[in-house]
Amino acid sequence: MHPSASVIVFTVASGAGYGLLAALALLAAFGLIVPNAGLGLVGFGLALALITAGLLSSTLHLGHPERAWRAFSQWRSSWLSREAVAAVATYVPAILLAAVFVLFDAPGWLIAVLGLLAAAGAVATIICTAMIYRSLKPISAWHNRLTVPGYLLLGAATGLALAHAILAAFGSPASAVAGAGAIAALAAAFIQKRAYWRLIDETSAASTPETATGLGAIGRVRLFEPPHTGRNYLMREMGFSVARKHAEALRRIVLVAGFVGPAWAVALGIGLSSQGSAGGMTVVLGTAAAAAALVGALVERWLFFAEARHTTMLYYGAERA
Amino acid sequence: MTCLPSSPSGKRLGLVIDLDTCVGCHACAVACKEWNAGGHSAPLTDTDPYGADPTGVWFNRIHSFEAGDGPAGRTVHFPKSCLHCDEPACVTVCPTGASYKRAEDGIVLVNPDTCIGCKLCSWACPYGAREYDEDEGVMKKCTLCVDRIENQNIPEIDRVPACVSTCPSHARHYGDLGDPASAVSQLVAARGGFDLMPELGYRPVNKYLPPRPREAPAPAPVARVEEGGLPGFLGWVDRVLSR
């Protein structure tokens, strides 16, 4: 599938934004961070900015962005519509939580309720995003049990890495909790992505040129003549493929730069701060870890599209889907 | 609404395509383009039509495949358009309600006034039946020529999809596949019509008829040599010239 920049930026930015929102909201709900105007503005501000930038980016690939409001209507059947509804619904507790965090000395129960609602909304929205892909039967690399966990873990890993960096910058003791969570999520994402890549390498789609044409009873089926000499929308959208050796190099970049490096940097930062060193190094390491995790997530998401094969290409000469 | 009709009428309009008689002339694709460039989903935009890299929206494309090897191998021309599935995921994934399946006859259509051009429906179609119009920013697809089959202003004989009316080898048939007594249903039953990619469960309405088994080729003629040469005048000529 063609890796469209607007969709890659959207899913990575909104995933990190929802991850950060959920991390801060849960820390607030359990009283591990207390209302603080600076932390509220920077932390919730960055989460909402990432989410909003992602949602705006997603409208860039629409043919008619001015009609995007219609996408809220079909939540009964469409995961894309459910995602739109969940995304907008999550703004309500998220903005209220950010407001009480910045403006008022709110009672604990109110922060707990808003925090749990915001975190639940964030998780629900990421699940809806992942289900858009998970539900597409023609793309076997997406239509499997590992797609949704992949989106959740990437969102958690990038969001917790961001939360760790921000909390460290504000000198919050909760930064170690967020950091430990980031290390756990990065480790889980490492294992999960390797399992995902093994799955898509080792399983092939049920659909073949023989089932696509129904001519398997005669023998092996291959394209003799394409319908036309030029390219068409379907070939541009679904005919993208990435060379095997490039995919393997990019996978290594994801694993090392996106997961191992950031986990190591966060661990080092926590270790330094626990030994009473200056907090500055923890902030630098944490920020670098979050930046590397985001770059790794962008590469991972590019691969998620580039490596996915669509059954339509069986009609255009592909030997497998 | 992108939920599928809760009480479909039982009528399932669609096509039956005969892979035995299709000669791969592309006349159906051209007739489709010609009619639909001015029809329900008009225009069918072409980009750079006279340039080096022409591309455009077509509802019907003719692929040609080789199946099998050696004497059993066949070359099969394979027209492909929307199959108007009973379980069209292209409809249910639509976030706006622009894609819909008509309860009265099962035809799958797009409302170009509410489509946001997100392209998700084209990803959900395993058959590549939907094509995005870059110029108009909306998705387009085969309409089963709704503007012909219901058109009271054209002669009744022409109230079939353009591809069906133009096919010179009579490889395309149109009718109600929900009615077991219809001509198309009986054709499917008689010829063993099949679904494309049945494993995905989209339950396409359109059916394909397999190439008929080829008759075993007659044995090559063996040259007969007359014992003692040809009789009569020709034999005399042969003997004279053979000296």
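The values are calculated or read from the model by the stated rules, or taken from the named source; none is laboratory data. As the structure is a prediction and not an experimental result, all values here were calculated from the model. Virtual Cβ from ideal backbone geometry, glycine too; neighbours counted across all protein chains shown.
Yes or no: region A:57-66 includes at least one residue that is hydrophobic (A, V, I, L, M, F, W, C) and within 13 Å of another protein chain (Cβ to nearest Cβ).
yes
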Does region A:50-59 contain at least one residue that is surrounded by 23 or more Cβ atoms within 10 Å (Cβ to Cβ), at pLDDT 95 or above and either touching a Leu at 6+ places or on another chain (Cβ under 8 Å) or outside any helix (DSSP H, G or I) (or both)? yes
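In the list B:GLY137, B:GLY70, B:GLY106, which residue meets the criterion of being more than 7 Å from chain A (Cβ to nearest Cβ), at positive phi and surrounded by fewer than 21 Cβ atoms within 10 Å (Cβ to Cβ)?
Values: B:GLY137 fails: more than 7 Å from chain A (Cβ to nearest Cβ); B:GLY106 fails: surrounded by fewer than 21 Cβ atoms within 10 Å (Cβ to Cβ).
Going through B:GLY137, B:GLY70, B:GLY106 in turn, the sole match is B:GLY70.
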What number of residues within region B:44-63 are more than 30 Å from B:LEU19 (Cα to Cα) and among the aromatic types (Phe, Trp, Tyr)? 1
List pairs: first in region A:177-205 and free of Cβ contacts under 8 Å to residues at least 24 places away in the same chain, second exposed (fewer than 15 other Cβ atoms within 10 Å of the Cβ) and among the acidic types (Asp, Glu), Cβ under 7 Å, 6+ apart or cross-chain? none
Given (1) in contact (Cβ under 8 Å) with a residue 24 or more places away in the chain; (2) in a loop (DSSP other than H, G, I, E, B), where does B:VAL184 come up short, assuming only one miss? (2)
Does A:LEU96 fit the bill of being touching a helix residue (DSSP H, G or I) at 6+ places or on another chain (Cβ under 9 Å), within 27 Å of B:ASN111 (Cα to Cα) and either modelled with pLDDT under 95 or hydrophobic (A, V, I, L, M, F, W, C) (or both)? no
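Which one is farthest from the other protein chains (Cβ to nearest Cβ) among residues in region B:187-215 that are aliphatic (A, V, I, L, M) and not in a helix (DSSP H, G or I)?
Per the criteria, the residue is B:VAL205.
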Residues that are within 23 Å of A:ALA318 (Cβ to Cβ), more than 10 Å from chain A (Cβ to nearest Cβ) and among the β-branched types (Val, Ile, Thr): does region B:13-30 have at least one? yes
Just for region B:140-157: of the residues that are in contact (Cβ under 8 Å) with a residue 40 or more places away in the chain and of a type outside the set (Val, Ile, Thr), which one is surrounded by the fewest Cβ atoms within 10 Å (Cβ to Cβ)? B:ASP147
For B:THR75, are the conditions met, namely being within 11 Å of chain A (Cβ to nearest Cβ), loosely packed, with under 15 Cβ neighbours inside 10 Å and modelled with pLDDT of 95 or more? yes
Would you mention how many residues in region B:31-67 are in contact with a Pro (Cβ under 7 Å, 6 or more places away or on another chain), of a type outside the set (Ser, Thr, Tyr) and away from chain A (no Cβ under 12 Å)? 1
Any hit, region A:253-265, residues being surrounded by fewer than 18 Cβ atoms within 10 Å (Cβ to Cβ), more than 20 Å from the chain's Cα centre (by Cα) and at pLDDT 90 or above: yes
